[in-house]
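Heads up, the thing below is written out as structure tokens.
The values are calculated or read from the model by the stated rules, or taken from the named source; none is laboratory data. Being a predicted model, the structure only gives us computed values, none of them experimental. Quick reminder, even Gly has a Cβ in these numbers, built from the backbone with ideal geometry, and neighbours come from all protein chains shown. Remember, those area values only see protein heavy atoms, side chains included, never the ligands or the DNA or RNA. Shrake-Rupley method; radii C 1.70, N 1.55, O 1.52, S 1.80 Å.
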Amino acid sequence: MIDTIEKEDNIISEEEAAQYDRQIRLWGLDAQKRLRGSRVLLVGLRGLGAEVAKNLILAGVKGLTLLDHEQVTEESRRAQFLIPVDADGQNQAQASLERAQLLNPMVEVKADTDTVESKPDDFFFQFDAVCLTRCSKDLMVRVDQLCASRNIKVFCGDVYGYHGYMFSDLGQEHHYVEEKPKVVKGSNEANDGPEAKKPKVDPNETTMVKKTISFCSLKESLEVDWTNEKAKSNLKRTPVDYFLLQVLLKFRTDKGRDPQPDSFAEDSQLLLQIRDDVLETMGLSSELLPNTFVSYCFSEMAPVCAVVGGVLGQEIVKALSQRDAPHRNFFFFDGLKGSGVVDYFGSK
């Protein structure tokens, strides 16, 4: 059964109907109502976070909370279009608030300058979806497990140089509808012959099909036993970016930051060492991730943020509106290849 997500104030006004006319025509009034009744927490207001914020605000969620405790720097502004050029030293969430709100006055946009680590468990329970960027592996796993207990949808994402990813956990039972061509029954008249009795697809008519899909947790997807025969058989179709993500998350855990351009030589050597350690622990060869990866995973690049942020924002919109099939569970983008890779590795 499709959730109706009955919430206060999710009635579409005439003004909102005019604002979201194109979207309502695209995915229907019920889907827009579900979106209009949803509140989202977005953690991290760097380049990727700004892209996700833009997409959610324009789509018309009920409310969006921007959570970031860091200060604006020249580097953080390079891929972030919501922060004014004279905002260095200000809090990133607060500095992004005005331009974010101007995108759509009908959405309640708030800034929170606390650290996400300081938030108690029940803080996350007020949201319908949580999107985590620039967070540690331990924090993402913690929030994912918390939200799973309350059927709150969780998304994670980051951009590292030419590379980016997103992950989604929509729970054990995510319901959605998908538009399919209508199947017309064949004629029952005897003189029509057997061919006429076969079902036919009418390309001019469509019908809405209700579906249910199950997701695995972030912890399960990151802690795969590669000695398992099933996992070994999946290795060839697993993007190398999956293992790059493991290395970068370990770097973030060990150093409390991401690789920095101003310490390129030092960080490159550390990345190679972490690569060797991580893959050895997995029982895999270090050759799986060539040494050249260190040249392409520093800083956020605006074009990569736009691509990954577009996919991530759209996946959140699809999940909240319960319209169309979601990605399950990872999306990886490799800017060197100029294409995105949708991967179903880790899904149930």
Original post:
Based on the Cβ-Cβ distance of THR253 and LEU336, what FRET efficiency does E = 1/(1 + (r/R0)^6) give at R0 = 22 Å, to the nearest 0.05?
Top reply: 0.30
Original post:
By how many nm would the segment from SER118 to SER295 grow when fully extended, if each residue of separation counts as 0.36 nm and the alpha-carbon distance is taken off?
Top reply: 60.3 nm
Original post:
From the Cα gyration tensor of region 1-130, with a ≥ b ≥ c the square roots of its eigenvalues, which class applies: rounded if a/c is under 1.5, or else prolate if a/b is larger than b/c, or else oblate?
Top reply: oblate
Subject >> Helix 47-59 axis, angle to the chain major axis (alpha carbon atoms, nearest 10°) >> reply: 30 degrees
Original post:
If you line up the long axis of helix 137-148 against the longest principal axis of the chain, both from Cα atoms, how many degrees apart are they, to the nearest 10?
Top reply: 30 degrees
Original post:
Pairing the Cα long axis of helix 302-321 with the longest principal axis of the chain, what angle in degrees results, from 0 to 90 and rounded to the nearest 10?
Top reply: 40 degrees
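Report, in deg cm²/dmol and to the nearest 500, the calculated mean residue ellipticity at 222 nm for the chain, where each DSSP H run with n ≥ 4 adds -39500 (n - 2.57) and the sum is divided by the residue count.
The helix-only estimate for the chain comes to -11000 deg cm²/dmol at 222 nm.
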**OP:** Past 30 Å, Cα to Cα, is the threshold; run LYS119/LYS236; LYS182/LYS318; LYS62/LYS210; LYS137/LYS318 against it and keep the listed order.
**Re:** LYS119/LYS236
Original post:
Dipole size in debye (nearest 20) for the chain around its Cα centre, Lys and Arg Cβ +1, Asp and Glu Cβ -1?
Top reply: 1080 debye
Original post:
Round to a whole number: what % of the accessible area of region 68-131 belongs to carbon and sulfur, probe 1.4 Å?
Top reply: 47 percent
Subject >> Read-out Rg and Dmax of the Cα atoms in Å, derived from the coordinates shown; its label in (i) 18.9, 60; (ii) 22.2, 81; (iii) 21.1, 61 >> reply: (ii)
Subject >> In Hz, Karplus ³J(HN,Hα) per residue of region 296-301 (6.51, -1.76, 1.60; θ = phi - 60°; x = Gly, Pro) >> reply: 10, 10, 9, 6, 9, 10
Subject >> Efficiency of FRET between GLU280 and GLU205 - r from beta-carbon atoms, R0 41 angstrom, step 0.05 >> reply: 0.10
Original post:
Averaged per residue, what accessible area in Å² does the chain show with a 1.4 Å probe, protein chains only?
Top reply: 48 Å²
Subject >> Anisotropy class of region 211-348 from Cα gyration tensor, a/c 1.5 cut >> reply: oblate
